[in-house]
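Here's the structure we're looking at; comments come further down.
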Amino acid sequence: MGDQPPAPIVIRKKLPVDDKAKGGAWKIALADMMTAMMAFFLVLWLISSSDTETLKGIADHFKVPKIAVTRIKSGTDGVFEGQTNPLSGITKDGGNSQNTELDLMNKSEANVDSDRLLTNSIPNEMTKSLEIDQEHFEKLELEISERISSDPELSLLKDQVQFIREKEGLRIQIIDEVDSPMFDLGTSTLLPKPSRFIREISPMIMKIPNKIIVRGHTDSHKYANDGSRNNWILSMERAEATRKLLEASGIDRGRFVKVVGVADVDPYISKDLYDARNRRINIILKYMDE
């Protein structure tokens, strides 16, 4: 008995229980995967069992419903120092880098390649409508340009009239100059030279059917009165005075869809809010599909 080796000592250690292994998170992930697979195979079955007309209708439902036109970088040559390419969508007004009105709307698109249109998934009739608009706008720009160039009095306005292609359509912008204002100071009374210009271009605008927006802008000079008037009222009154003259010159009242005054919130010369060029009138011919 004394020669027997001592009995081994066995030490048992209990490992900590992994609570995560007993969780059910994997079951949720598996259920989500099985649901997604079931939905996928259900879609495949529906497609395989549908006829051609049904599939075509589904495809048509997801087509782009509206024309998307990119703005295009334009040069500054020509009578108006900012006249655009017929398929353009943006120009720098008179080559002026301070034109924040365009910067606000087109800042991210000012360097798009020339003569480029996005026509993917656009129905043929919409593409055709766009082409007709571009043709009309090109002819209108050319006609107004020639009219100004051939008239000694109107030619004095050549640096004040600009054409801009934008998202809404063609914008004819008439800008004030210190020595050549459009309105009497602080009023909505059109002066003779800009009045004649609007009367001259009205028959040209009448030739195309596009709807019209008239927008008025002012500089930041304040009224020295009791506060009953301000630049919002003045810009609206000037826009309405322009609309009335267009209508009196033969343009049908039903073509006007908006007359708006925006005061001095969208300056042409952002570095000097009191610059006379911030006072301007925009006559916008909308795209037909808008």
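Brief remarks follow.
- Flag for Arg215 being out of contact with any strand residue (DSSP E or B) (no Cβ under 7 Å at 6 or more places or on another chain) and surrounded by 22 or more Cβ atoms within 10 Å (Cβ to Cβ): no
- Criterion applied to Met204, Met182 was being touching a Pro at 6+ places or on another chain (Cβ under 8 Å) and either at negative phi or modelled with pLDDT of 90 or more (or both), and the one residue passing it is Met182.
- Of all residues in the range 225-241, those being in a loop (DSSP other than H, G, I, E, B) and closer than 20 Å to Asn278 by Cα number 2.
- Count - residues of the range 242-255 that are surrounded by 17 or more Cβ atoms within 10 Å (Cβ to Cβ) and not in a helix (DSSP H, G or I): 1
- For Ser188, the test of being touching a residue at least 40 places away in the same chain (Cβ under 8 Å) and over 22 Å from Ala241 (Cα atoms) is failed.
- Enumeration of residues in the range 273-290 that are out of contact with any helix residue (DSSP H, G or I) (no Cβ under 8 Å at 6 or more places or on another chain) and over 16 Å from Asp159 (Cα atoms): Leu273, Tyr274, Ile284, Lys286, Glu290
- Selection status of Asp151, farther than 12 Å from Ile281 by Cβ and either free of Cβ contacts under 8 Å to residues at least 60 places away in the same chain or not small (Gly, Ala, Ser) (or both): yes
- Some residue of the range 194-203 being under 16 Å from Arg171 (Cβ atoms) and either among the β-branched types (Val, Ile, Thr) or not assigned by TED's automatic domain parsing to the domain that holds Ser155 (or both): yes
- Answer residue from the range 19-69, given it is among the small types (Gly, Ala, Ser) and assigned to a loop (DSSP other than H, G, I, E, B) and is modelled with the highest pLDDT among those: Ser50
- Taken over the range 128-147, residues that are surrounded by 17 or more Cβ atoms within 10 Å (Cβ to Cβ) and of a type outside the set (Ser, Thr, Tyr) amount to 9.
The values are calculated or read from the model by the stated rules, or taken from the named source; none is laboratory data. Bear in mind that the values here come from a model prediction, so they are computed numbers and not experimental data. All Cβ positions, glycine included, derive from the backbone under ideal geometry; neighbour counts span all protein chains shown.
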